[in-house]
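Below is one structure, written out as structure tokens; comments come after it.
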Amino acid sequence: MRFAAVLLIVACATTALAQESGYKYFAETEHLRFAWDDTVASGEGIEVMKRDGEKYYAAIKKMLVEVDNKKITVLLEGPAERPDGSWGYPRVDSFGRVHLYRFGPTWHDYQGAFAHEMVHAMRFWRMPHYDWFFEEGLAEFISLRIDESLRGFPWYGYPVDLVAGQWIVRNEAILLKVVKEEHKRVNLPCKAQTYSLRSAFFDYLGRQYGDHAILDMARQDRAGLYEDYQKYLGNLVQPLAIEWRAAVMDSYAKIPNADSLATVYRTQTPIQYMPVCDLNGDVLR
Ligand SMILES: [Zn+2]
């Protein structure tokens with residue numbers, strides 16, 4: 001009897017390791033473990049996510065070198081808008097598990113934040129020491145390099161310089177100093193601006209100074225220190241931000257019909273439903 005009980009406990013423990021409790025469906029690859037209830041994810045969707053997940057894992061590992069060796073759990077949580085009207089946002093929880101939400105009717109709508117959240121999960125052990133400006137910038141920078149689709153938030157199919165440029169030329173670009181120093185206060189309330197501007201900044205730094213400079217910064221024990229910008233990029237954040245704004249405006253000016261494309265971006269993509277903040281990160285509407 002006791003032997004049977006011990007066997008049962010061992011069996012339960014093994015199942016718990018292999019599967020997340022509370023979910024109906026499971027799938028596993030070499031480095032990832034998926035769980036979901038949402039049948040939209042089943043079939044072709046999960047096959048593509050398994051393949052993309054392994055592709056992202058390999059690419060992120062190659063860029064970061066030093067990554068968490070644990071298998072990554074990815075929970076596909078169903079529609080982002082919950083029955084009670086609240087919204088779920090892609091994130092990595094305190095156990096290092098990735099939660100993805102579907103921002104539309106098909107399995108494609110899970111994929112917008114997949115690469116981004118995997119970067120966080122693969123640096124999970126660093127989270128207590130995170131400089132959030134740098135970590136968010138890094139996750140966005142890497143996902144721009146490994147998933148060029150620009151499909152999901154905050155691009156919705158538009159080029160980085162068009163999206164960042166339209167905030168700048170309309171004088172709606174929340175200051176990077178505010179985004180960096182007041183991450184907790186402004187990051188989510190001003191998400192349309194914070195995510196696109198920070199992405200564009202790190203994208204520019206990589207293109208201008210070499211992706212290796214950003215990746216070298218990422219390998220420091222406390223990644224994202226002010227002095228590292230000087231050390232790896234040759235300047236402080238503020239002058240780099242001025243230089244970046246000028247470069248984005250230059251590149252925006254070269255996009256044919258930039259202003260009318262920007263109007264479509266602002267009025268016909270999900271950006272239209274998101275609040276806009278002033279330059280200091282206070283919500284305007
Ligand atoms: Zn993030």
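The values are calculated or read from the model by the stated rules, or taken from the named source; none is laboratory data. No experiment lies behind these values; they were computed from the predicted model shown. Here the Cβ positions follow ideal geometry from the backbone for every residue, glycine too, while neighbour counts run over all protein chains shown.
Some observations on this one:
- Every residue from the stretch 65-119 that is closer than 21 Å to E44 by Cα, within 14 Å of the ligand (Cβ to nearest atom) and in a strand (DSSP E or B): V98, H99, L100, Y101
- Whichever residue in the stretch 195-242 is in contact with a Leu (Cβ under 8 Å, 6 or more places away or on another chain) and β-branched (V, I, T) and, among such residues, is surrounded by the fewest Cβ atoms within 10 Å (Cβ to Cβ): V237
- Condition check for A113: touching a residue at least 24 places away in the same chain (Cβ under 8 Å), surrounded by fewer than 19 Cβ atoms within 10 Å (Cβ to Cβ) and not charged (D, E, K, R): no
- L138 being of a type outside the set (D, E, K, R), within 11 Å of the ligand (Cβ to nearest atom) and closer than 24 Å to R185 by Cα: yes
- Selected residue (criterion: surrounded by the most Cβ atoms within 10 Å (Cβ to Cβ)) from residues of the stretch 26-55 that are out of contact with any strand residue (DSSP E or B) (no Cβ under 6 Å at 6 or more places or on another chain) and among the hydrophobic types (A, V, I, L, M, F, W, C): M49
- Scanning the stretch 154-189 for residues that are among the hydrophobic types (A, V, I, L, M, F, W, C), within 16 Å of the chain's Cα centre (by Cα), crowded, with 19+ Cβ neighbours inside 10 Å and not in a helix (DSSP H, G or I) turns up just one, W155.
- A246 passes every criterion in (1) at pLDDT below 95; (2) in a helix (DSSP H, G or I) apart from (1).
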